[in-house]
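I have placed the structure first, in the form of structure tokens, so that the comments after it can refer back to it.
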Amino acid sequence: MISTPISTPITEMFGIRLPVVAGGLMWLADADYVAAASRAGIIGFITAASFPEPEALRAEIRRCRELCEGGPFGVNVSMLPKLVPGERTREVFQTIIDEGVSFVETSGRNPADFLPMLKDAGIKVLHKVPAVRYAVKAAELGVDAVAIVGGECGGHPGMDMVSTIVNAAWAESCLDVPYLIGGGIGRGSQIAAALAMGASGVVVGTRFLVADEVRAHAAFKNRLIEAQPTDTDLCMQSVNNTVRVLRNETVQAVQAMEAENPAVTIQELMPLVSGKFSRIAYQTGDWSKGLLSAGHSLAFVDKLEPLAAIIARLEQDLRHAANRLQRVTQTV
């Protein structure tokens, strides 16, 4: 692997060698995956929602710190809407603070209620949003950096569905804080393009799903290798919770319910979309059921290999793209 670091505000903030964030993967972003990212020169975030009991999250944070061998890591907190019964977001943040974690990735809603406690603890906050307008608001609130995902992303692309390449250029004229771009990122040349347009780095999710350190069944990973970007689909727009996922029986059933009843509620959809089904799919390899997040970067998913090997290929391609751009600009 080429060892020369790339310097951007994001690499400086996280203390990483490459301007890449490994996106939070529900049920999959555990200590093994996150530590592998850290050792390879990027940063990953343990998904707190994958460890609903505080002591389980605490144990995973401690395990990750040991595996990181001094490298950086963070915790992802997907905040539920306000007043949801049983919400324990503040308790999760307190656990993170008590464990001395330096970095937090937030998403799901405005983080304003929790920023004072995080800032008082010296924690850097990266807030992930599905549109530039939300990024502007988060920056005004005082987050340290924002990540903007485009319509190509797996998981939740929001309702605006603006493309990644437009977000990358648009954000440059709207933000004063460092920003990351996500959605369909799976080649180093895309990282070079994002940096050229003003981003300080990128978020990568789907491309990393086939890493050896991701605890998902080989049958699921092999399906991703076979799949094309056209094998993803959108659903749950009717309840303002759009998701891009791998096309399967569950997606088709949800789409049918939404078509038949545009006023369908999340409670009516829950027997199909509960997160427990995706967890089962990852464990068994039966990808026909559950909402399994996958984005357009399926175009670049080609084989099973260690996360470090995927990152090394991204870096090589990034540097080739940067050299290519330099040669072109020298002729202008």
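What follows draws every value from the coordinates through simple rules; no lab data is involved. Note that this is a predicted model, so its numbers are computed, not measured. Methodologically, a virtual Cβ is constructed for each residue, glycine included, from the backbone with ideal geometry; neighbour enumeration extends over all protein chains shown.
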* Springs between alpha-carbon atoms under 10 Å, Gaussian network over the chain: tell me which of 238, 107, 38 tops the mean-square fluctuations. => 238
* To do: Taking every pair of Cα atoms in the chain, average 1/r, invert it to obtain the Kirkwood radius, and report Rg/Rh to two decimals.
  => 0.95
* **Stretch gain in nm, segment residue 97-residue 140, where the contour uses 0.36 nm per residue and the Cα spacing is subtracted** => 13.2 nm
* For residue 213, which sequence-distant residues (separation of 5 or more, or a different chain) have an amide H within less than 5 Å of its own amide H, given hydrogens modelled in the peptide plane? -> 307
* **Mean Cα-pair separation over length for segment 1-145, i.e. relative contact order, pairs under 8 Å, 6 or more apart, %** => 17 percent
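Sum up the charges of everything whose Cβ sits under 13 Å from the Cβ of residue 76, counting Lys and Arg as +1 and Asp and Glu as -1, but leave residue 76 out.
Numbers: positive: 128; negative: 30, 60, 105.
Charge balance near residue 76 sits at -2.
Would you list 329, 164 from fewest to most Cβ contacts within 10 Å?
Details: 329 8, 164 27.
Listed from fewest to most nearby Cβ atoms, that is 329, 164.
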* Structure fact -> For residue 147, the residues 5 or more places away or on another chain with a placed amide H closer than 5 Å to its own amide H are 127, 128, 129, 180
* Structure fact -> Expressed in angstrom and ordered largest first, the alpha-carbon extents of segment 218-284 along the principal axes are 37, 25, 17
* Asked: Any idea what diffusion coefficient segment 203-254 gets from Stokes-Einstein, in µm²/s, Kirkwood Rh on alpha carbon pairs, 20 °C, 1.002 mPa s?
  -> 173 µm²/s
* Would you mind ranking 236, 159, 257 by Cβ crowding within 10 Å, fewest neighbours first? => 159, 257, 236
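Relative to the compact-globule scaling 2.2 N^0.38 Å, provide the ratio for the alpha-carbon radius of gyration of segment 14-96. Please list the in-between numbers first.
Numbers: Rg = 12.9 Å, N = 83, 2.2 N^0.38 = 11.8 Å.
With N residues counted in segment 14-96, Rg over 2.2 N^0.38 Å equals 1.09.
Please list, by residue number, every one of the GluC sites (Glu not before Pro) in segment 81-189 that is coil in DSSP and has at most 16 other beta-carbon atoms within 10 Å.
Of the GluC sites (Glu not before Pro), the ones in loops of segment 81-189 whose Cβ has at most 16 other Cβ atoms within 10 Å are 87, 99.
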* Asked: What residue among 223, 65, 247 has the largest mean-square fluctuation in a Gaussian network model of the chain, using Cα springs under 10 Å?
  -> 223
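In nm, what is the difference between 0.36 nm times the number of residues separating residue 324 and residue 264 and their Cα-Cα distance?
Values: separation 60, 0.36 × 60 = 21.60 nm, distance 5.05 nm.
Using 0.36 nm per residue and subtracting the Cα-Cα distance, I get 16.5 nm.
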* Asked: Relative to the present Cα-Cα distance, how much length would full extension add between residue 26 and residue 276 at 0.36 nm per residue of separation?
  -> 88.9 nm
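How large is the dipole of segment 117-246 about the Cα centre if only Lys and Arg carry +1 and Asp and Glu carry -1, each at its Cβ, rounded to the nearest 20 debye?
On the way: 11 positive and 12 negative charges, 33 e Å.
For segment 117-246, the charge dipole is close to 160 debye.
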* Out of 269, 209, 246, any idea which swings most in a Gaussian network model of the chain, alpha carbons joined below 10 Å? -> 269
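Are there chymotrypsin sites (Phe, Trp or Tyr not before Pro) in segment 89-160 that DSSP puts in a loop and that have at most 15 other Cβ atoms within 10 Å, and which ones? Intermediate results must be reported in sequence, preceding the final value.
On the way: sites: 93, 103, 114, 134; in loops: none.
For chymotrypsin sites (Phe, Trp or Tyr not before Pro) across segment 89-160 that sit outside H, G, I, E and B with at most 15 neighbouring Cβ atoms in 10 Å, the list is empty.
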* Asked: When we measure straight from the Cα of residue 137, which lysines land under 25 angstrom away, once same-chain ones fewer than 8 places off are left out?
  -> 82, 119, 124, 128
